[in-house]
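Q: Mind having a look at this structure? Questions to follow.
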Amino acid sequence: MEKLEQELKTLSLTGRLCYLFMCIEKYLILCYPEREWVLVAKRCWQWTNVYWDEGCDIYSVVVPEFLFEFDDYEKTNKHAFDGKLSQKDYLELTNLYAGLTTGNSEDEINQVLMLPIEFNNECECTNFDTADIPTLKILYKMLHFLSLHNISFPSVNSVQNMTVDQKNGWGNFIDSEYLSVII
């Protein structure tokens, strides 16, 4: 674990976010292998192609706590997603989560899928030095969830080129979909 911690410290915020998504994918496919996670994965990997606020908005649709905040599609789309959620995606996601969560913030799957939102919040309007430790703590939370299910940690090798010396620690925009094991 100490080696992994050292490797994570060398990653840019973009590299850490990518590693977080690698962990989330591994969690989803090993804890819920009977489910089809493509829509969730696509929302994850879009984030690194755009500015973070836009990436977070795109991703937030897959967080059960936000998706189930209101009683129906119309209210959810209007109040939670400013009219940007398609009915098709709403139905696909609500069916995907059926029997797993009702959006309760205490549900493990919700906690896992909320981690990128927490990650974004720690990075918002700040610099790398301020976001450094809080983002590492979020990664450690994710590693804890993997450990609870005896899931091995993904290798950092795939993201090791995303280092803190890129764009003042933020890292570069990147088409990161190639890192997905789901898409």
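The values are calculated or read from the model by the stated rules, or taken from the named source; none is laboratory data. No experiment lies behind these values; they were computed from the predicted model shown. Backbone-built Cβ (ideal geometry, glycine too); neighbour counts: all protein chains shown. Ligands, DNA and RNA are excluded from the accessible area calculation, which covers all protein heavy atoms including side chains. Shrake-Rupley method; radii C 1.70, N 1.55, O 1.52, S 1.80 Å.
Q: Filter segment 71-82 down to the residues that are open to solvent by 60 Å² or more (accessible area, probe 1.4 Å) and assigned to a loop (DSSP other than H, G, I, E, B) and list them by number.
A: 71, 82
Q: Anything in segment 1-26 that is surrounded by 21 or more Cβ atoms within 10 Å (Cβ to Cβ) and more than 14 Å from the chain's Cα centre (by Cα)? List them, or say none.
A: Of everything in segment 1-26, those that are surrounded by 21 or more Cβ atoms within 10 Å (Cβ to Cβ) and more than 14 Å from the chain's Cα centre (by Cα) turn out to be 11, 12.
Q: Now for a separate question. Within segment 116-130, take every residue that is assigned to a loop (DSSP other than H, G, I, E, B) and within 14 Å of residue 169 (Cβ to Cβ) and give me the one that is least open to solvent (accessible area, probe 1.4 Å).
A: Among them, the one singled out is 126.
Matching residues to (1) modelled with pLDDT of 90 or more; (2) touching a helix residue (DSSP H, G or I) at 6+ places or on another chain (Cβ under 8 Å); (3) not in a helix (DSSP H, G or I):
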site: 43; (1), (2), (3): yes, yes, no
site: 84; (1), (2), (3): no, yes, yes
site: 105; (1), (2), (3): yes, yes, yes
site: 136; (1), (2), (3): yes, yes, no
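Q: How do the pairs read when you match residues in segment 146-161 that are within 11 Å of residue 4 (Cβ to Cβ) with residues anywhere that are open to solvent by 90 Å² or more (accessible area, probe 1.4 Å) and part of a loop (DSSP other than H, G, I, E, B), using Cβ under 9 Å and keeping only pairs 6 or more apart or on different chains?
A: Going by the 9 Å Cβ cut-off, the qualifying pairs are 153/1; 154/181.
Quick grid of which residues meet (1) open to solvent by 40 Å² or more (accessible area, probe 1.4 Å); (2) more than 20 Å from residue 36 (Cβ to Cβ); (3) among the small types (Gly, Ala, Ser); (4) not in a helix (DSSP H, G or I):
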{"position": "89", "(1), (2), (3), (4)": "no, no, no, no"}
{"position": "93", "(1), (2), (3), (4)": "no, no, no, no"}
{"position": "99", "(1), (2), (3), (4)": "yes, no, yes, yes"}
{"position": "114", "(1), (2), (3), (4)": "no, yes, no, no"}
{"position": "143", "(1), (2), (3), (4)": "no, yes, no, no"}
{"position": "154", "(1), (2), (3), (4)": "no, yes, no, yes"}
{"position": "161", "(1), (2), (3), (4)": "yes, yes, no, yes"}
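Q: Evaluate segment 27-39: report whether one residue or more is basic (Lys, Arg), free of Cβ contacts under 8 Å to residues at least 60 places away in the same chain and open to solvent by 50 Å² or more (accessible area, probe 1.4 Å).
A: No, because not a single residue in segment 27-39 is basic (Lys, Arg), free of Cβ contacts under 8 Å to residues at least 60 places away in the same chain and open to solvent by 50 Å² or more (accessible area, probe 1.4 Å).
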